[in-house]
Ligand SMILES: [Zn+2]
């Protein structure tokens, strides 16, 4: 008995000498991390109101109540900030003003009809690529800007070795129903855009119709462009969806979400 008791005590001493301090260290580490996290949260809670009074500048890209800087690298808050742009046309024009591309809201057209267009702008240029001027909802213009600046131009440099000078398109507004359906198309409210191709800086033309199915670098570029559109629009349709889209990418901000 004594021998067993002594052994147990020895075992107990052994545990206290090595395992228990390790547990203690882990516990202290967890507490320290917890304290650090709470300190950071408290600093943020105090600093944010201070930034609103101009005490210091809170970075726009980390401000959930600010419209996005369309040129800033997207982060976990960007899609939230884009919802502010979608919700209020003046937020959208403010976002364009921030990047030095002032854009003017047009008066509402077709009020109280199924083809009412509000919050529209004339879009003729994104961050560097031009396009034939087209009236579209400002929210669509802002999302095209994000896509062109953060995905399209880098992909063009990487895959084609040159930037895109012009985005070719079939337009935004068209007062019509969806093909083979009775409900109105998102085009009826200029809440959609049809992209047919691209012209590179050296003048090369790449079209969805001719290059989509090719295994060339142009085909690879079109697939990268399409996948990038899916990041910014609720609905993106390509030639892979159906024959109606054999020659363009359709994007819109309607309720239906899909990337086809
Ligand atoms: Zn379309």
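Every condition in (1) exposed (fewer than 14 other Cβ atoms within 10 Å of the Cβ); (2) more than 12 Å from the ligand (Cβ to nearest atom) is met by residue 179 except one, and the failing one is (2). Scanning the range 240-260 for residues that are within 12 Å of the ligand (Cβ to nearest atom) and either part of a helix (DSSP H, G or I) or outside the structural domain of residue 161 (by TED's automatic domain parsing) (or both) yields 244, 245.
Candidates in the range 188-225 are the residues that are assigned to a helix (DSSP H, G or I), over 12 Å from residue 160 (Cβ atoms) and touching a residue at least 24 places away in the same chain (Cβ under 8 Å); of these, the one that is farthest from the ligand (Cβ to nearest atom) is 209. Being within 12 Å of the ligand (Cβ to nearest atom), free of Cβ contacts under 8 Å to residues at least 40 places away in the same chain, more than 19 Å from residue 114 (Cβ to Cβ) and within 25 Å of the chain's Cα centre (by Cα) is the requirement here; does residue 237 meet it? In short, yes.
The values are calculated or read from the model by the stated rules, or taken from the named source; none is laboratory data. Quick caveat: nothing in here was measured; it's all calculated off a predicted structure. We place every Cβ from the backbone using ideal geometry, glycine too, and count neighbours over all the protein chains shown.
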